[in-house]
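The values are calculated or read from the model by the stated rules, or taken from the named source; none is laboratory data. It should be emphasised that the depicted structure is a prediction, and the values quoted were computed from it without experimental measurement. Backbone-built Cβ (ideal geometry, glycine too); neighbour counts: all protein chains shown. Calculation scope for accessible area: heavy atoms of the full protein, side chains included, ligands and nucleic acids excluded. Shrake-Rupley method; radii C 1.70, N 1.55, O 1.52, S 1.80 Å.
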Amino acid sequence: MPPRILIVDDDPHIREVLRVALSKAGMAVTEAADGRAALVRFAEDRPDLIVLDVGMPEFDGLEVCRRIRRTSQVPILFLSARDEEIDRILGLEIGGDDYVTKPFSPRELVARVNVILRRVVSGSVDRSAEPEELVHGRLRLDPQQHTARFGDMQLALTALEFSIVRTLMTRPAVVFSREQIMTAAYQLNIQVSDRTIDSHIRNIRAKLAAAHCEDAIETVHGVGFRLGRCGTP
């Protein structure tokens with residue numbers, strides 16, 4: 001079954017460009033022209049990924065994302081005519097998996113969609129040598145089921161957040177630079193800023209803190225990040 005992609009944009013030309021590009025890549029595409037319609041289509045179709053414009057009538061993209069994140073961790077790729085860093089960071093912090101600015105290359109957007117889908121469906125790395133479950137302290141990741149838990153609490157990680165945590169858990173004593181985290185998480189030659197990685201790390205820390213883990217990820221100033229104690233004695 002082809003991946004189901006929901007395109008949400010109030011510009012019919014943008015929707016057409018995306019529909020053609022994603023359909024040529026073998027994906028099944030549905031559309032919505034505003035935020036309210038997007039929520040209806042999401043509830044009816046349960047897509048595998050949403051390409052979501054930020055600036056729209058009837059709820060903007062950020063509000064649509066907030067509402068969807070109350071019940072679902074479906075991957076969301078934000079699309080926006082604005083390239084201000086605050087918009088990008090806000091979109092990622094409320095649960096977006098990636099962010100593309102207009103005008104965009106349809107080929108790059110399709111590549112980003114494929115990267116996100118690979119993380120969700122089967123991961124973008126060879127798991128043949130990876131254990132069925134990664135454990136560090138009270139933090140547990142199941143790569144096969146794509147689930148994360150701290151103690152008895154399940155963590156609602158996005159696909160990209162899950163990939164970052166898994167990268168840190170594979171070598172918990174190692175300090176990873178932002179570039180290394182970026183390479184492991186994105187798996188393509190796609191440029192994202194250090195602030196983008198920091199935003200995802202901040203999100204992961206907040207979700208683990210809500211599960212009563214206050215030492216999830218340590219910052220090594222001038223170098224990068226490593227896994228914290230996560231409840232180990």
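Couple of notes before you dig in:
- Once the Cα gyration tensor of the chain is diagonalised, semi-axes √(5λ) in Å: 30, 18, 17
- Acute angle (nearest 10 degrees) that the helix 106-121 long axis makes with the longest principal axis of the chain, alpha-carbon atoms: 50
- The equivalent ellipsoid that matches the C-alpha gyration tensor of the stretch 134-227 spans semi-axes of 20, 15, 12 angstrom, in descending order.
- Among beta bridges identified by DSSP and lying wholly in the chain, the antiparallel ones come to about 45 percent.
- Carbon/sulfur fraction of accessible area - the chain, other protein chains in place, 1.4 Å, %: 50
- In percent, rounded to a whole number, the relative contact order of the chain is 14, using alpha-carbon pairs under 8 Å and six or more apart.
- ³J(HN,Hα), Karplus 6.51/-1.76/1.60, whole Hz, each residue of the stretch 134-140, x for Gly, Pro: 9, 10, 8, x, 9, 8, 10
- Segments 43-51, 171-179 sorted - mean Cβ within 10 Å per residue, highest first: 43-51, 171-179
- Degrees, to the nearest 10: 35-45 long Cα axis against longest axis of the chain: 70
- Mean residue ellipticity (222 nm) of the chain, computed from DSSP H runs ≥ 4 via -39,500 (n - 2.57), nearest 500: -13000 deg cm²/dmol
- The chain: angle of helix 194-210 to the longest principal axis, Cα-based, in degrees nearest 10: 70
- Computed about the Cα centre, the dipole magnitude for the stretch 134-227 is approximately 80 debye when only Lys and Arg (+1) and Asp and Glu (-1) carry charge, each at its Cβ.
- Heavy-atom accessible surface of the chain, averaged per residue, reaches 48 Å², computed with a 1.4 Å probe.
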